[in-house]
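Structure, as structure tokens:
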Amino acid sequence: MIKQAKMASVFVLTFLKEAVMKKTLVSFGALALAGMAGAAGFAEEFPDAQKTLPGSMGWMQGFPPAQEKTLHASDGTFFEFPALRYSVNHIREFYPTRNVSSGKGKKYSVKQKLDPKIDSVTFTPWDSDKPMTFEESLDANYTDGIIVMHKGKIVYEKYPAGLKPDGLHAAMSVSKSFTGTVASILAAEGKLDPSKKVTDYIPELKDSGYADATVRQVMDMTTAIKYSEDYNDPNAEIWAYSAAGNVFRPINYRGPQNYYEYLATVKKLPDSEHGEAFGYRTINTELLAWICSRVTGQGLAEMVSEMIWKPLGAHYDGYYQLDPSGIAFAGGGFDLNLRDMAMFGEMMRNGGKLNGKQIIPEKAVKDIASGGSSEEYKAAFAKSDYTKLKGWSYHNMWWITNNSHGAYMARGVHGQAIYIDPAAEMVIARFASTHFASNKYIDPLSLPAYEAVAEYLMNK
């Protein structure tokens, strides 16, 4: 069995008991979906946010740290709650990484005019009749850092936990949306044709379940591949995928040596066709990054740097977690600065422009923001198990709300988010370290909070 559901994460290296799995370690990087069984909301058994602040917990402090305060990647202890509250800010200290250069060019400028009234914005969480203020929601969601932008200005910025303004934080599956943005740019530039078959770009997958899938179906996660991320099933494909990307594999491991080798082993679901239903599978993002690399001749870290980070004028280098072959973990391995992430969201809100400069093609942004609004996309999404997200869709590795504001977002486990609301001219960027990984437990607090702030800003 898995140690505990609360350990699951995009980045968690899970330790499995030998009696169940006959294995010791799997890659923490592969656990991008964390819908673990047995959780029912924010349980009282977990210490609250103030009691789990990384500084007061004493993790990795001292030379050397005390044994009980030393965290390890090889056994998964670094990502058990509450230790993960430290680790999300220090991934590079536990795993090999590749830099995403921000370059030496002109950096973006941004004005700040803080609005203290945002703290008092009130909303009611889903499945609750008890109102909550936005300020109260920060601790309830174990927020590490949050920025609200309105009309291009920072109107709210707080760092309640271990994250510093100049620090970097694990983005988890928000990373998927960066991969999707790279693909969208290439498509807008005519370098990538989403209608083509996967094998037109990656012939190595001709014998896999992806053989008859299109790039579009990969981008929208409507591939009908046999792949389960059920962490309670010792035979789920997640474990083989995880082992392929794990830098701490047992010496007797003989399976696929990296993410790409694993993709060649994937089979198609029997009696199913690609394009019929949405299925959130991290390996689709790994494949999309591979396709983009085949088109450009660059690795993912280089593509993000050259196509987004340098043109954006990001203030800080980011980095990607790597597998044993040095392949970037596209599905959840990006670590970056909060302000830089907020400005990326602001650039998306402005049709690819920032500070008057076109950063990425407007066509790419429009496709992301509106491409998932058709009935076809909604129907495919409705076949998934995201019952709380009625009317939503998924497109180019972004989540599309299809609400009256035209909001869309990037989402990652443990509370990572970029929420873009065009009607409210608002962007919210958040890093967090909740004890539950899955967004199904985080959304009831987060989404109504975002919507309440949007309404406040529109009506102030």
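Read-outs: derived from the displayed coordinates by stated rules, not from any lab. Here the structure is a predicted model, which means the values were calculated and not measured. Cβ atoms come from the backbone with ideal geometry, glycine included; neighbour counts cover every protein chain shown.
A few notes on this one:
- With contacts taken as Cα pairs under 8 Å at a separation of at least 6 residues, the stretch 278-415 carries a relative contact order of 18 percent.
- Gained length - residue 193 relative to residue 383, 0.36 nm times residue gap less alpha-carbon distance: 65.8 nm
- Burial order of peptide ranges 381-393, 203-215, 422-434 (average beta-carbon count within 10 Å, highest first): 422-434, 203-215, 381-393
- Rounded if a/c under 1.5, otherwise prolate or oblate - the stretch 57-111, Cα gyration tensor axes: prolate
- Between the residues 424, 377, 449, the greatest Cα displacement towards the positive end of the dipole of the stretch 337-456, with unit charges on the Cβ of Lys, Arg, Asp and Glu, is found for 377.
- Considering only alpha-carbon pairs that sit under 8 angstrom and 6 or more positions apart, the relative contact order computed for the chain is 24 percent.
- The slack between residue 230 and residue 204, meaning 0.36 nm per residue of separation minus the straight C-alpha distance, is 6.6 nm.
- Residues 317, 193 arranged by fewest to most Cβ contacts within 10 Å: 193, 317
- Loop-resident GluC sites (Glu not before Pro) (DSSP state other than H, G, I, E or B) in the stretch 263-349 with no more than 16 further Cβ atoms inside 10 Å of their Cβ: 273, 276.
- Of 196/267; 106/460; 164/191; 268/310, those spanning more than 31 Å from alpha-carbon to alpha-carbon: 106/460; 164/191; 268/310
- Taking a ≥ b ≥ c as the square roots of the eigenvalues of the Cα gyration tensor, the stretch 105-213 is prolate, since a/c reaches 1.5 or more and a/b is larger than b/c.
- Straight-line cross-link reach from residue 117 at under 14 Å between alpha-carbon atoms covers these aspartates and glutamates, not counting any fewer than eight positions away in the same chain: 135, 136, 157, 455.
- Charge tally in the Cβ shell below 11 Å around residue 257, where Lys, Arg are +1 and Asp, Glu are -1, residue 257 excluded: 0
- Charge dipole magnitude, Cβ of K and R +1, D and E -1 - the chain, Cα centre, debye nearest 20: 1000
- Relative contact order, percent, the stretch 99-218 [alpha-carbon distance under 8 Å, six or more residues apart]: 15
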